[in-house]
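> Just dropping this structure here.
The values are calculated or read from the model by the stated rules, or taken from the named source; none is laboratory data. This structure is a prediction, so every number in the text was calculated from the model and none was measured. Neighbour counts run over all protein chains shown; Cβ positions are idealised from the backbone, glycine included. Accessible surface is based on the protein model in full, side chains and every heavy atom, while ligands, DNA and RNA are left aside. Shrake-Rupley method; radii C 1.70, N 1.55, O 1.52, S 1.80 Å.
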Amino acid sequence: MKATPLSNCERRFLLRAVQEKKRLDGRQCYDYRNIRVSFGADRGCCMVELGRTRVLAQVSCELVPPKPSRPTEGVLFFNLELSPMAAPGLEPGRQSELLVSLNRLLERCLRDSKCIDTESLCVVAGEKVWQIRLDMHLLNHDGNITDAASIAGIVALCHFRRPDVSVQGEEVTVYTPEERDPVPLSIHHMPICVSFAFFHQGTYLLVDPTEREERVMDGLLVIAMNKHHEICTIQSSGVVMLLQDQILRCSKITAVKVAEITELIQKALENDQKARKEGGKFGFAESIPNQRITAFKMESAAVDTNDVEEQAGEIIAKADPPSEVFANPVLHTPGTAQIGEGIESSWGDLEESEKEEVAEDEGESEAAAFECEKVKTEDTSTVRETKSDEPIVLSDSEEEEVVILEPQELPRKTRTQTSSKQENPSKKVFNKKRRKKRTSR
């Protein structure tokens, strides 16, 4: 996914703000963004926030054979990863020009400056040495990746502790942190990169450019320096030609910024070491400010209970007196009571839809009962007309069997069967017509 390009209006607005010596975040031309360093629970893990640019660094080590050309020196390996999580324009698994240039610059800043004593990483000359691997991941991109990565790398190296080892003959023993205290790396100095952005062919200069300012700049100058004012590396890119006076002015600014950043790093390392030594809380979770909602924690506060009785008395004195009228309790059913005017219980009341269904069922039952009563009266009248001592002969034709029915038992059996089976009204009418037809014959 490609990055969203800047419109012409945004480009003109940024360049006009640079000419007026103004920046979008309110900083001055030579001001750095806020730097925040936080450490993880493990040694050698840290996260550096330069404004909204975040870089996570992790240091690891292992025993490997040394290089044939340098049998008594350890191996240093540096790697910076740019993922689409940091910015949409960054592609995963692809060595872009930006990533290659950043890795080369960090290697010159940390390895070629000899800030780490590689000879102290040798365990057995020509056989086993320590390989120190520094992995850095860009979590969020808001400009000036170089400075944030250099600070995160040197802080992680200073915070890292390698396991202690012992050599007895040809046997090498690596001790766990519980058996022996880990050993810190031998670091001579702290090289830190400071970036300068040039606009209008070097006429205007900004320190620590943001992502939008990097899009409209003409050139970029990176100077790596330590607090002893020793320049470790210089890199210039872009289409701007710099003069000697401009480079000297940038180097003076770099010396001031590097001294401030180095002091901040040392203070952060001391605070973390103090917290670990005293058994306090440390790690990324503990570095979240308590004021944030996502912190899910609050500091314990002491509660003074000495004047509780006096305060309670004052509150009662200032409060309105209670009303003298008390409602009588109402007993609805045994085991329940009500005090005051409450809402009547609607437990067991039917809803409107249920009431309609009940009404329809009642109407149907009444209609069925009315039909049954009507059939009963008709059957009774028919039986009374045919009541006599002679038997009733029902025959539809000469070949049909003759059925003789008793006049006294016929109505009772018919009625019993009708009431038990509850025949339909239409069937009852049909039986009545058939009975009349047979009687007439």
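> Kindly check whether there is at least one residue in region 69-86 that is modelled with pLDDT under 90, of a type in the set (S, T, Y) and under 25 Å from S237 (Cα atoms).
Yes.
> So if I check each of F39, F77, which one is among the aromatic types (F, W, Y), out of contact with any helix residue (DSSP H, G or I) (no Cβ under 6 Å at 6 or more places or on another chain) and under 21 Å from P163 (Cβ atoms)? Full working, then the answer.
Numbers: F39 fails: out of contact with any helix residue (DSSP H, G or I) (no Cβ under 6 Å at 6 or more places or on another chain).
Sole residue among the options that is among the aromatic types (F, W, Y), out of contact with any helix residue (DSSP H, G or I) (no Cβ under 6 Å at 6 or more places or on another chain) and under 21 Å from P163 (Cβ atoms): F77.
> Anything in region 74-99 that is over 19 Å from L221 (Cβ atoms) and open to solvent by 40 Å² or more (accessible area, probe 1.4 Å)? List them, or say none. First the steps, then the outcome.
Here is the first cut: in region 74-99, the ones over 19 Å from L221 (Cβ atoms) are 74-96, 99.
Matches in region 74-99: F77, E81, P84, M85, P88, E91, P92, G93, R94, Q95, S96.
> Given the conditions (1) surrounded by fewer than 17 Cβ atoms within 10 Å (Cβ to Cβ); (2) not in a strand (DSSP E or B), and given that S237 satisfies all but one, which numbered condition is not satisfied?
All conditions pass for S237, except number (2).
> So which pairs qualify, if the first residue must be in region 212-238 and under 10 Å from A255 (Cα atoms) and touching a residue at least 12 places away in the same chain (Cβ under 8 Å), the second must be in a helix (DSSP H, G or I) and open to solvent by 40 Å² or more (accessible area, probe 1.4 Å), the Cβ gap must be under 8 Å, and the two must be at least 6 apart or on different chains?
A224/R108; K227/A259
> Can you name the residue in region 127-154 that is more than 22 Å from P209 (Cβ to Cβ) and not charged (D, E, K, R) and, of all such residues, is nearest to the chain's Cα centre (by Cα)?
Narrowing region 127-154 to residues more than 22 Å from P209 (Cβ to Cβ): 127-135.
Subsequent filtering for residues that are not charged (D, E, K, R) retains 129-132, 134.
Details: V129: 42, W130: 39, Q131: 36, I132: 34, L134: 28 Å.
Top of the filtered list is L134.
> Still on this model: Which of the residues spanning region 100-120 are in a loop (DSSP other than H, G, I, E, B) and open to solvent by 60 Å² or more (accessible area, probe 1.4 Å)?
We begin by selecting, within region 100-120, every residue in a loop (DSSP other than H, G, I, E, B); these are 111-115, 117.
Once the filter is applied, which keeps residues that are in a loop (DSSP other than H, G, I, E, B) and open to solvent by 60 Å² or more (accessible area, probe 1.4 Å), region 100-120 yields R111, D112, K114.
> Could you please let me know if P71 is over 25 Å from L138 (Cα atoms), open to solvent by 30 Å² or more (accessible area, probe 1.4 Å) and touching a residue at least 12 places away in the same chain (Cβ under 8 Å)?
On the way: over 25 Å from L138 (Cα atoms): yes; open to solvent by 30 Å² or more (accessible area, probe 1.4 Å): yes; touching a residue at least 12 places away in the same chain (Cβ under 8 Å): yes.
Against the criterion (over 25 Å from L138 (Cα atoms), open to solvent by 30 Å² or more (accessible area, probe 1.4 Å) and touching a residue at least 12 places away in the same chain (Cβ under 8 Å)), P71 qualifies.
> Limited to region 61-82, what total is found for residues that are in contact with an Asp or Glu (Cβ under 9 Å, 6 or more places away or on another chain) and of a type in the set (S, T, N, Q)?
2
> Also, I was wondering about something else. When residues of region 1-44 are filtered for being touching a residue at least 40 places away in the same chain (Cβ under 8 Å), more than 30 Å from A57 (Cβ to Cβ) and polar (S, T, N, Q), how many remain?
Residues in region 1-44 being touching a residue at least 40 places away in the same chain (Cβ under 8 Å), more than 30 Å from A57 (Cβ to Cβ) and polar (S, T, N, Q): 1 in total.
> In the list V174, V183, which residue meets the criterion of being closer than 19 Å to C46 by Cα and either open to solvent by 30 Å² or more (accessible area, probe 1.4 Å) or polar (S, T, N, Q) (or both)? Step through it out loud before you land on a result.
Working: V174 fails: closer than 19 Å to C46 by Cα.
On inspection, the qualifying residue turns out to be V183.
> When the residues of region 186-212 are narrowed to those that are hydroxyl-bearing (S, T, Y) and under 30 Å from M241 (Cα atoms), which ends up surrounded by the fewest Cβ atoms within 10 Å (Cβ to Cβ)? Before the answer, list the steps.
First, the residues of region 186-212 that are hydroxyl-bearing (S, T, Y): 186, 195, 203-204, 210.
Okay, now just the ones that are also under 30 Å from M241 (Cα atoms), so 195, 203-204, 210.
Working: S195: 23, T203: 11, Y204: 17, T210: 21.
Only one residue fits best here, namely T203.
> Sticking with this structure for a sec: Any idea which of H159, H141 is open to solvent by 10 Å² or more (accessible area, probe 1.4 Å), touching a Lys or Arg at 6+ places or on another chain (Cβ under 9 Å), of a type outside the set (D, E, K, R) and under 26 Å from S38 (Cβ atoms)? Before the answer, list the steps.
Working: H159 fails: open to solvent by 10 Å² or more (accessible area, probe 1.4 Å).
Unique residue meeting the criteria: H141.
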